[in-house]
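Only one structure is covered here, and it is reproduced in the block below.
The values are calculated or read from the model by the stated rules, or taken from the named source; none is laboratory data. In this text the structure is predicted, and so the values were computed from the model without any measurement. Quick reminder, even Gly has a Cβ in these numbers, built from the backbone with ideal geometry, and neighbours come from all protein chains shown.
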Amino acid sequence: MYTSHNATAHALSLYEIRIHIAQFLSRKDIASTIRVSQQWNESFYPFLFITTSISNTTKDPPLELLQQHAHLIRNLDFCSRPWRRILPPEYFFLRGCSRLTKLTCGFKDAVNYDITDLEKMNIELPAELYHYEDPAIVSSDDDFDSLFDFDDHDVTTQTLITTAPIVMTSTVTAPGLVTVADTVATMMTTNAVILPDTVTTTAAEQNSMQFTLSTNSPTPKKKSIKSNPWDLACYFVSAHASSLRELVLSNVSPNIKFWETLGQECSMTLESLTLKSTMKSTLINRKTEAAFWMACRNLISLELECPHSPSYQYSPPASFPWSSGGASSIFSRMKKVKLMSRNPNQCYDVDFLTFCPKLETLEWGVNPKCGAVALERFALAMNATSTSHIFPATSSSQTLFTDIIQQTTMTTTAGTWPHLRSIGISCSSIKDHQFAAFLRSLTTTALTMLNVGGSGFRDHSMLAMRDCSHFITIREMCLDSCPYVTSKMVSTILISCPALEVFTAERLYVIDMEQDGSPPWACLNIRELYVNIDLINSELKQSNNAGVDIPEAEGGERNDERAKEMEKLHEAERQKLIIAQLAKLTKLRVLQISRGCLHYFRSGPAVGVELLLEKGLDQLAELSHLEEIYFSGWISRPAHLEAEWMLKHWKHLNVVHRGRYTVFFNKWGHDLKTMFAADQSHWNNQEAFDVFS
């Protein structure tokens, strides 16, 4: 019997075990494992091809190597880089990717490829990529003048056939043509040579020479030409249509042929389409819109992220072949929609969304110029019993889609989007009462995700969330960069949302929690918490710093009685209070109690939670699932014991960010003890050490 050590060693030596382990490793980890031994190299090397990127650099694998491992490729990235390189055309002819599910295209498409040399690489090119030059076609009248001398009657018919650019036709009988001169004269008048059954230069030759034309034309001479990259992409998509599920297009402008191919070949298999543009380019134009929407008719997820694109109404055109089943069957599979175009016509996005009856997730980046109007249109459509009455009869709503909706007479008994659960709306111009009206319109939906970062979310919206029972069902909520969200609102959400799993807000003042009696948080299942926790500031201090005048008492002294009452509790007691609340969140994976945000500094210098053993760090031992932690707070001594304690109790800890105000990105490789042993001057300069253990 093997010992445990030997059993482990023999298990790793098995090919099947290594293959199973490789499925859970990242590409970086696989690149490390192939250097362990020859056996490990043979096992893990093929997994490097699961995600393959082609960017026209020296790191690109050759086509022959990709072709050998094509059956392993699942994610293929065609040059989706900001600089958009020119993709070598031979990679479009990669075949055999039977497991390919995701294709990303970001190559430079404003070029034409010369595919002349691809034949030398033994690549079989489609016939339609060639231009065929028929040697029997006469180009101009000048060809005849250069080939024949009409005074020479001794030229033979054989010479005429082999030298003249003639049009070969079926056998033709021309009794009047008995000499070459007559034949050439007719050729000059018709720009073609029509040979009779017998043509001779003399009567004797006429009896001895007979020619019968064959119906077979000579073999054409093919000449390769330059091809548009999207024409080549069509062949790649057609070859892998059966497995392709997700397509991402970044900073490109596909032609109409590509959209038609996508609609014909992948209409039943393609599930997700993403269009991204960081430049002022139009991904969809009037020429391609009909083919584009035809390709989208069976999608489950559609994402249009074009914040800088020219104004365009992203809605199916009038030429779209509407289904006989009515508007409810146009995009009957669409469940997730992301619209981030931010053009002035975005109020008409609601018209497109109306044709998605199974919509579950909506992410909407609304232009501030039309945000209020768009939200009102959406709220009206939410609980409409008939879509023909969704929009008011005003000049701004008299659009093509209003007429189409009225003609379809689609009715819904549970609202236009009865399955809508997740909503993300980004617009700074939406006011509190407008957003509250929108939330109250979600009466038929159990809201699970709400992302309203940067909006005017305030008191009225909070009341709407409570009155419509959204606090009970909400799982993910983001209130980042909302200037009117107060600390008490954040505390109310943590107390009132038992299903909350992910929450993001700007600030939470412990003093305000004390005033409310410090009720326990109800979100015991929360996995990610992002909020600044401050031990010394309060909403009152925030008002003072914002310029709110406080009445002065007699004798010229300011009326700061309330402020003095809030300062009675010692800072250490507030530390214990917040530590006790955090200790109950045993399912936490990401804890960020110090964040860099827009409105964080206006309340003055802050004091964050100090993760020291004498200040309650040991109470967080139950956070065994913690993977990332972000915190600030002064450390007056080297904290070697705290570092050892974290490594001992938080087994899954990967990242520790330590900074005074700002959260820094992880750089990996630093030692945890070194971070805690840093001089105090580092923290005064707002530096941070990032840790990977």
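So here's what we get for this one:
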quantity	calculated
Residue in the stretch 93-108 that is modelled with the lowest pLDDT, counting only those that are crowded, with 19+ Cβ neighbours inside 10 Å and farther than 15 Å from LEU249 by Cβ	PHE93
Near pairs, Cβ below 7 angstrom, 6+ apart or cross-chain, from the stretch 355-370 (assigned to a strand (DSSP E or B)) to any residue that is hydroxyl-bearing (Ser, Thr, Tyr) and modelled with pLDDT under 85	GLY365/SER426
Test for SER455: is it within 24 Å of PHE331 (Cβ to Cβ), under 26 Å from the mean Cα position of the chain (by Cα) and small (Gly, Ala, Ser)	no
Matching residues, the stretch 244-253, being at pLDDT 90 or above, outside any strand (DSSP E or B) and buried (at least 17 other Cβ atoms within 10 Å of the Cβ)	LEU244
Scope the stretch 438-452; condition surrounded by 17 or more Cβ atoms within 10 Å (Cβ to Cβ), at pLDDT 85 or above and either farther than 17 Å from HIS419 by Cα or aliphatic (A, V, I, L, M) (or both); matching residues	LEU439, LEU447, MET449, LEU450, ASN451, VAL452
Unique match (being farther than 25 Å from PHE24 by Cβ and modelled with pLDDT under 90) among SER55, SER43	SER55
Output for the stretch 240-264, where each listed residue is under 19 Å from ARG74 (Cα atoms) and in contact with a helix residue (DSSP H, G or I) (Cβ under 8 Å, 6 or more places away or on another chain)	ALA241, LEU244, LEU247, LEU262
Single match in ASP516, ASP467 (criterion: in contact with a helix residue (DSSP H, G or I) (Cβ under 8 Å, 6 or more places away or on another chain) and under 27 Å from GLU571 (Cβ atoms))	ASP516
Selection from the stretch 288-307 of residues that are touching a helix residue (DSSP H, G or I) at 6+ places or on another chain (Cβ under 7 Å) and either of a type in the set (S, T, N, Q) or part of a loop (DSSP other than H, G, I, E, B) (or both)	THR288
Residue in the stretch 275-290 that is surrounded by 17 or more Cβ atoms within 10 Å (Cβ to Cβ), over 23 Å from GLY365 (Cβ atoms) and in contact with an Asp or Glu (Cβ under 7 Å, 6 or more places away or on another chain) present	no
All positions within the stretch 474-513 that are of a type outside the set (A, V, I, L, M, F, W, C), part of a helix (DSSP H, G or I), surrounded by 20 or more Cβ atoms within 10 Å (Cβ to Cβ) and at pLDDT 90 or above	SER487, SER491
The stretch 589-642: number of residues that are at pLDDT 70 or above, charged (D, E, K, R) and either within 38 Å of the chain's Cα centre (by Cα) or not in a loop (DSSP other than H, G, I, E, B) (or both)	8
Residue in the stretch 227-243 that is more than 15 Å from LYS102 (Cα to Cα), at pLDDT below 90, part of a loop (DSSP other than H, G, I, E, B) and in contact with an Asp or Glu (Cβ under 7 Å, 6 or more places away or on another chain) present	no
